[in-house]
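A short worksheet on the structure shown next.
The values are calculated or read from the model by the stated rules, or taken from the named source; none is laboratory data. Please read these numbers as outputs of a predicted model, since none were measured by experiment. Methodologically, a virtual Cβ is constructed for each residue, glycine included, from the backbone with ideal geometry; neighbour enumeration extends over all protein chains shown.
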Amino acid sequence: MTTAAIEGDAYDVVIMGGGPAGATLGARVARETNLRVAIFEAEFFPRDHIGESFVHTIVPSLQESGALSKVLASECWVKKYGGYYAWSEHPWSTLFDHALQERDGYLRWAIHCNRPEFDHILLEHARSAGAEVHEGSEVVSVERRGDRTLVRLRDGREVSAKLFVNCSGRTGSTTITGEKAFLSQYRNIAVWNHVVGAKPAQVLPGDWNIFRERNVSPIGSFMFEDGWFWFIPVPKVVQGKRVRTHSLGMVTDPGILNKPGKRYTDPEVFMRTARSVPFLGELLQDAELVSDKFLTATNYSRISERMCDFDLGEIRIGDAAYFVDPLFSSGVHFALLHAGAALVLIKATLAGEGNLSEPLLRDLWADYNGMLSTIARGFSLGIDQWYNEIANERPNSVYWSRRTETPTFAARSETFAGLVNGSIHGDLLQVITKGSNSIAALGAEGAMRRAYQMLEDREPSPDTIVRLRPDVRLRESVTLEAPPVVDGKPVAFIHGPYWDDPVGRAHEVRPVFPGPIPCHRFCTDDPSNPAQVRFFEQEHHGVALYERLKRGDESYGALKASLDPAQQHLLLLLLLAELLEVEVPLHTELSTQPAAAESLSV
């Protein structure tokens, strides 16, 4: 490649993939910086894609990108308020941020949508915002050369970028790809189609159905012996007319499809099975398939070893970073969440936001990697636990034989940090525990239950003396994640009035990722132990805890009892990061304090 070619096709940011992650990031880079950004998408939009139902956390991300008003002005969506789960004789249901809704009365919402139209709106929004959008332009390889990345396209073109962002989904060649590890023992396949003539999910009778009285739409999830069905209202154009269809899909073990009478890609077998499922059958009495063509996708939960690399100038987003089972409609949520965090990296690294030194930039990049890894591993515990709960309820389920197997991935420090930091929280815990939000409500087996037990076992006995390791110090830093309230403004999820008008009331809430946020870090200079624990002084009073741990003259039980919940949280993170010394090995005695799994704020 000649110097002229490098100069002529040189971008600040190249994004591989024009789905929701790539389009959202491209739009925000173009709108909020003077950087030159290009999106290279292998397909031409609109195109079909799995994932037609979202969670409410996408709304602030769409609003911040400027795309929300365009989505809401379209006819491709239906408002969604939560979901119900019929995987026993007694279904149960939950609203988004159920506990918050009960306190403040405001309904949080997301959307069900026709994905080809939704994705097309976002990509066109990126184009109109100033990002260069190249459809039908497949990236075939990337190579870091000095301080730039060379990007080769299928048609022979070559471009370069200061930073390369992989938003290509579960495939794609990059400089830091590596082999993705499995996150879950459950390796499923999804089979789906669309029907017309079905009843809305909210009409089913029963006190459990909290959506019927207000006639608001949920996602329906229905268990059967071979897995589970989803049921999602989707406005589609069928034979030239806009009609309300329902996406009807099943998630099952791939081996099931080879068994007699279970070729679920056969229309007759698929519909007969769906109509035999309790509660779902009532909704499908008069339903007919829109097409005999079924779509399939494997749902193997996998994770990249690295989510970003400062020296290689690469960031991974969405499914390119990790993919989890679609049980909780989380895919687009993760994609947009990552895009918001990646924007902070890009603005700080290339646009000079915050005027950060290289060490502080590296802190931000390390936090991006740690945040994504922690969320993915914590979330996967929930997926495995959910399938274990299904197995307990349905001993004839395909998942029964796997109920006592250990998780595929080893429980690492980020796994436990995810539990403590609330990566299993809110709606996810509400769903898994059937509304109790208590770990004790879970079955004795399952990945999450085992992880909490391991976490509990790591707490020292009350009479153990704990102190900081001699090489641990405090330093000032910055981080990606922010406290619930910044500059007097709450995050959107906890501000009820925002949900009446997310566009008009956007000024009342802080961004999901406000920018580099000042923090402190417990850390060492020992390369063999790069663990760090960060905290916000105004919330955790970590400096005072540092001084007490530095003296090292208190027992664990007395110290913990004297701390407020935020400091107890910080103390546990320091234990998990192995930044404390104890007088007895952590694994030899169990704490006589209340079980960690129940005393933590999850």
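Things worth noting here:
- Annotation note: Cβ proximity below 8 Å between a residue of the stretch 462-486 that is at positive phi and of a type in the set (Lys, Arg) and a residue that is in a loop (DSSP other than H, G, I, E, B) and surrounded by fewer than 17 Cβ atoms within 10 Å (Cβ to Cβ) (sequence gap 6+ or interchain) occurs for no pair.
- Candidates 455, 480, 474, filtered to the one that is modelled with pLDDT of 65 or more and surrounded by fewer than 19 Cβ atoms within 10 Å (Cβ to Cβ): 474
- Some residue of the stretch 289-296 being more than 30 Å from residue 23 (Cα to Cα) and in contact with a Leu (Cβ under 9 Å, 6 or more places away or on another chain): yes
- Taken together, the residues in the stretch 207-244 that are surrounded by 14 or more Cβ atoms within 10 Å (Cβ to Cβ), more than 21 Å from residue 273 (Cα to Cα) and of a type in the set (Gly, Ala, Ser) amount to 1.
Matching residues to (1) more than 15 Å from residue 132 (Cβ to Cβ); (2) among the β-branched types (Val, Ile, Thr):
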position: 13; (1), (2): no, yes
position: 21; (1), (2): yes, no
position: 27; (1), (2): no, no
position: 42; (1), (2): yes, no
position: 59; (1), (2): yes, yes
position: 71; (1), (2): yes, yes
position: 74; (1), (2): yes, no
position: 88; (1), (2): yes, no
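- Taking the criterion of being small (Gly, Ala, Ser) and either touching a strand residue (DSSP E or B) at 6+ places or on another chain (Cβ under 6 Å) or surrounded by 21 or more Cβ atoms within 10 Å (Cβ to Cβ) (or both), the residues of the stretch 109-143 that qualify are 110, 126, 131, 137, 141.
- Condition met for residue 563 (over 28 Å from the mean Cα position of the chain (by Cα), surrounded by 17 or more Cβ atoms within 10 Å (Cβ to Cβ) and over 14 Å from residue 473 (Cα atoms)): yes
- Taking the stretch 261-354 as the region of interest, the helices (runs of 4 or more DSSP H) fully inside it that hold 3 or more residues being among the aliphatic types (A, V, I, L, M) and in contact with a strand residue (DSSP E or B) (Cβ under 7 Å, 6 or more places away or on another chain) are 331-350.
- Test for residue 216: is it under 29 Å from residue 120 (Cβ atoms), in contact (Cβ under 8 Å) with a residue 40 or more places away in the chain, assigned to a loop (DSSP other than H, G, I, E, B) and in the same structural domain as residue 198 (by TED's automatic domain parsing): yes
- Out of 100, 95, one residue alone is of a type in the set (A, V, I, L, M) and either in the same structural domain as residue 238 (by TED's automatic domain parsing) or surrounded by fewer than 20 Cβ atoms within 10 Å (Cβ to Cβ) (or both). It is 100.
- Scanning the stretch 181-211 for residues being touching a Pro at 6+ places or on another chain (Cβ under 6 Å), modelled with pLDDT under 95 and assigned to a loop (DSSP other than H, G, I, E, B) gives a total of 1.
- Any strands (runs of 3 or more DSSP E) falling wholly within the stretch 1-119 and containing at least 3 residues that are at pLDDT 95 or above and under 21 Å from residue 244 (Cβ atoms): 77-80, 110-113
- Where helices (runs of 4 or more DSSP H) fall wholly inside the stretch 500-582, the ranges with 1 or more residues that are out of contact with any Pro (no Cβ under 7 Å at 6 or more places or on another chain), touching a residue at least 12 places away in the same chain (Cβ under 8 Å) and within 24 Å of residue 371 (Cβ to Cβ) are 537-540, 542-551, 565-576.
- Only a single criterion out of (1) outside the structural domain of residue 309 (by TED's automatic domain parsing); (2) surrounded by 17 or more Cβ atoms within 10 Å (Cβ to Cβ); (3) basic (Lys, Arg) is not satisfied by residue 79, namely (2).
- Consider the stretch 355-385 and keep the residues that are in contact with a strand residue (DSSP E or B) (Cβ under 8 Å, 6 or more places away or on another chain) and among the small types (Gly, Ala, Ser). The one that is surrounded by the most Cβ atoms within 10 Å (Cβ to Cβ) is 380.
- Residue 238 being more than 31 Å from the chain's Cα centre (by Cα) and modelled with pLDDT under 90: yes
- Some residue of the stretch 82-91 being under 23 Å from residue 144 (Cα atoms), out of contact with any helix residue (DSSP H, G or I) (no Cβ under 8 Å at 6 or more places or on another chain) and buried (at least 16 other Cβ atoms within 10 Å of the Cβ): no
- Test: residue in the stretch 122-133 that is assigned by TED's automatic domain parsing to the domain that holds residue 321 and assigned to a strand (DSSP E or B): yes
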